[in-house]
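The values are calculated or read from the model by the stated rules, or taken from the named source; none is laboratory data. If you're wondering where the values come from, they're calculated on a predicted model, not measured in any experiment. Here the Cβ is made from the backbone with ideal geometry for all residues, glycine too, and neighbour counts use every protein chain on show. With ligands, DNA and RNA removed, areas are computed over all heavy atoms of the protein, side chains included. Shrake-Rupley method; radii C 1.70, N 1.55, O 1.52, S 1.80 Å.
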Amino acid sequence: MYQFQHEVQRKEKIDRVYHTLYIISCLVNIALDFANGHFLNGIVSLLFAVFIFHYGLRKKYWAVLFIKCTVWIHIVFLLVMFLVMRIK
């Protein structure tokens, strides 16, 4: 019984980390849209992020998959950017 509860708590922690990273990545993208003067794109991105995040909190499979893919794509892009900066 303890192992099952431990696994559930572990999965909830991982989900919270994914949600936190998703929020951070969305806020950065939205801020960049507003900074570049694309206000309509920023508003649409904000609404889309809230929509996905809402269903992600309700643990809908497609939304959780989208959140995980988005977070991993941002991590890979950050690593590539770091490598390119180090090579130059």
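Inspect all residues belonging to segment 34-46 and state whether any of them is aliphatic (A, V, I, L, M), in contact with a Cys (Cβ under 9 Å, 6 or more places away or on another chain) and either free of Cβ contacts under 8 Å to residues at least 40 places away in the same chain or assigned to a helix (DSSP H, G or I) (or both). Can you show your working first?
Looking only at segment 34-46, we keep the residues that are aliphatic (A, V, I, L, M), and these are 35, 40, 43-44, 46.
Okay, now just the ones that are also in contact with a Cys (Cβ under 9 Å, 6 or more places away or on another chain), so 46.
After this cut, where a residue has to be either free of Cβ contacts under 8 Å to residues at least 40 places away in the same chain or assigned to a helix (DSSP H, G or I) (or both) as well, the list is 46.
The answer is yes, given that some residue of segment 34-46 is aliphatic (A, V, I, L, M), in contact with a Cys (Cβ under 9 Å, 6 or more places away or on another chain) and either free of Cβ contacts under 8 Å to residues at least 40 places away in the same chain or assigned to a helix (DSSP H, G or I) (or both).
Within segment 46-88, the residues that satisfy the criterion of being surrounded by 10 or more Cβ atoms within 10 Å (Cβ to Cβ) and of a type in the set (Phe, Trp, Tyr) are 48, 51, 53, 55, 62, 66, 72, 77, 82. Based on this model, can you work out whether residue 25 counts as under 11 Å from the mean Cα position of the chain (by Cα) and either in a loop (DSSP other than H, G, I, E, B) or touching a residue at least 12 places away in the same chain (Cβ under 8 Å) (or both)? In short, yes.
Scanning segment 1-23 for residues being modelled with pLDDT of 90 or more and either under 15 Å from residue 66 (Cα atoms) or open to solvent by less than 80 Å² (accessible area, probe 1.4 Å) (or both) gives a total of 10. Looking at 78, 46, just one residue is in contact with a helix residue (DSSP H, G or I) (Cβ under 7 Å, 6 or more places away or on another chain), more than 20 Å from residue 11 (Cα to Cα) and modelled with pLDDT under 95, and that residue is 46.
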